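The values are calculated or read from the model by the stated rules, or taken from the named source; none is laboratory data. In this text the structure is predicted, and so the values were computed from the model without any measurement. In this analysis, Cβ positions are derived from the backbone assuming ideal geometry, glycine residues included, and neighbour counts consider all displayed protein chains. Just the protein is used for accessible areas: all its heavy atoms, side chains included, with ligands, DNA and RNA removed. Shrake-Rupley method; radii C 1.70, N 1.55, O 1.52, S 1.80 Å.
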Amino acid sequence: RKEVEQDPGPFNVPEGATVAFNCTYSNSASQSFFWYRQDCRKEPKLLMSVYSSGNEDGRFTAQLNRASQYISLLIRDSKLSDSATYLCVVKMGDFNKFYFGSGTKLNVKP
Amino acid sequence: DGGITQSPKYLFRKEGQNVTLSCEQNLNHDAMYWYRQDPGQGLRLIYYSQIVNDFQKGDIAEGYSVSREKKESFPLTVTSAQKNPTAFYLCASRDRGGGNTEAFFGQGTRLTVV
């Protein structure tokens, strides 16, 4: 079983739609959680960290459910510029190892 | 401006050759990482280093080697023992402080075996 699993998509949604991604992780001792965004043929960039109480940044909301070992990302009022691959990232262990999901591809259509 | 720089952006290697990918950061980060990304897949950890002169194997270290002689630099050598080296290689660095400190990525090196 992979340490971090995501639905690969693609999610094809119209502009203005609300879309949600989930990600599950295997290690209950995981310490930190992030969502990264990766544009085609580019490096990943941090979208937002995920805090235990949940957090929001504009149109983006991240949630963590430790009991069920999943994190989620909600994007409201989708824009064309939101089209990208969204990577779920989990930090585990004493040596700060980051584990990446395979990414969920989002296509926002006009 | 602080950042993390990888070079070259594109690299072509003949079969049987060793090649070295450069990664330099001026963020004063202790931790550095090398990942490999194949099409349609997530990032897989090759090697990581928490401090100068120390590094650990990741999940797919076979056929790769690294060094960490300086805090700023973490070069990756892809050896001839790596049977399928064509991939997108990403270097990252992170402040070793605890909590939700993010990893910063370089722009990547796209390696192709010809």
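Which of the residues spanning the range A:68-103 are loosely packed, with under 12 Cβ neighbours inside 10 Å, outside any loop (DSSP other than H, G, I, E, B) and of a type in the set (Ser, Thr, Tyr)?
Scanning the range A:68-103 gives a single hit, A:Ser81.
From the list B:Ala87, B:Ala92, pick out the single residue that is touching a Lys or Arg at 6+ places or on another chain (Cβ under 7 Å) and surrounded by 17 or more Cβ atoms within 10 Å (Cβ to Cβ).
Working: B:Ala92 fails: touching a Lys or Arg at 6+ places or on another chain (Cβ under 7 Å).
Residue meeting the stated conditions: B:Ala87.
Could you look through the range B:34-70, keep only residues that are closer than 28 Å to A:Leu106 by Cα and small (Gly, Ala, Ser), and pick out the one that is surrounded by the most Cβ atoms within 10 Å (Cβ to Cβ)?
Here the answer is B:Gly42.
Residues are listed down the side, and each one gets a yes or a no for (1) touching a residue at least 24 places away in the same chain (Cβ under 8 Å); (2) in a loop (DSSP other than H, G, I, E, B); (3) within 15 Å of the chain's Cα centre (by Cα); (4) within 11 Å of another protein chain (Cβ to nearest Cβ):
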residue	(1), (2), (3), (4)
B:Thr5	yes, no, yes, no
B:Gln17	yes, yes, no, no
B:Leu27	yes, yes, no, no
B:Gln56	no, no, yes, yes
B:Asp59	no, yes, yes, yes
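What are the residues in the range A:34-49 that are more than 8 Å from chain B (Cβ to nearest Cβ) and more than 14 Å from A:Gly103 (Cα to Cα), if any?
A:Met48
Which of (1) farther than 30 Å from A:Gly9 by Cα; (2) free of Cβ contacts under 8 Å to residues at least 12 places away in the same chain is the odd one out, the single condition B:Gln41 does not satisfy?
Status for B:Gln41: all satisfied but (1).
B:Thr77 versus (1) in contact (Cβ under 8 Å) with a residue 24 or more places away in the chain; (2) away from every other protein chain (no Cβ under 14 Å); (3) assigned to a strand (DSSP E or B); (4) open to solvent by 40 Å² or more (accessible area, probe 1.4 Å): which is the lone unmet condition?
(4)
Among residues belonging to the range B:61-74 that are in a strand (DSSP E or B) and among the small types (Gly, Ala, Ser), point out the one that is farthest from B:Tyr33 (Cα to Cα).
Residues of the range B:61-74 that are in a strand (DSSP E or B), as a first pass: B:64-66, B:70, B:73.
Among the residues that remain, those that are also among the small types (Gly, Ala, Ser) are: B:65, B:73.
Numbers: B:Ser65: 12, B:Ser73: 11 Å.
Among those that are in a strand (DSSP E or B) and among the small types (Gly, Ala, Ser), it is B:Ser65.
Could you list, in sequence order, the residues of the range A:29-67 that are assigned to a loop (DSSP other than H, G, I, E, B) and open to solvent by 70 Å² or more (accessible area, probe 1.4 Å)?
Of all residues in the range A:29-67, those assigned to a loop (DSSP other than H, G, I, E, B) come to A:29-31, A:39-44, A:51-54, A:58-59, A:66-67.
Selection gives A:Gln31, A:Cys40, A:Arg41, A:Lys42, A:Tyr51, A:Ser52, A:Ser53, A:Arg66, A:Ala67.
Taking the residues in the range A:1-20 that are within 14 Å of chain B (Cβ to nearest Cβ) and open to solvent by 50 Å² or more (accessible area, probe 1.4 Å) as candidates, determine which candidate is modelled with the lowest pLDDT. Please lay out each step first, then the result.
Quick first cut of the range A:1-20, residues within 14 Å of chain B (Cβ to nearest Cβ) only: A:1-10.
Still in the running and open to solvent by 50 Å² or more (accessible area, probe 1.4 Å): A:1-3, A:5, A:7-8, A:10.
Working: A:Arg1: 69, A:Lys2: 79, A:Glu3: 85, A:Glu5: 92, A:Asp7: 88, A:Pro8: 85, A:Pro10: 93.
Within the range A:1-20, the match that is modelled with the lowest pLDDT is A:Arg1.
Report yes if some residue within the range B:97-112 is farther than 13 Å from B:Cys23 by Cα, more than 11 Å from every other protein chain (Cβ to nearest Cβ) and in contact (Cβ under 8 Å) with a residue 24 or more places away in the chain; otherwise report no.
Taking the range B:97-112 first, the residues farther than 13 Å from B:Cys23 by Cα are B:97-103, B:110-112.
From what's left, more than 11 Å from every other protein chain (Cβ to nearest Cβ): B:111-112.
In the following step, the residues that additionally are in contact (Cβ under 8 Å) with a residue 24 or more places away in the chain were identified as B:111-112.
Within the range B:97-112 (the criterion being farther than 13 Å from B:Cys23 by Cα, more than 11 Å from every other protein chain (Cβ to nearest Cβ) and in contact (Cβ under 8 Å) with a residue 24 or more places away in the chain), the answer is yes, since at least one residue qualifies.
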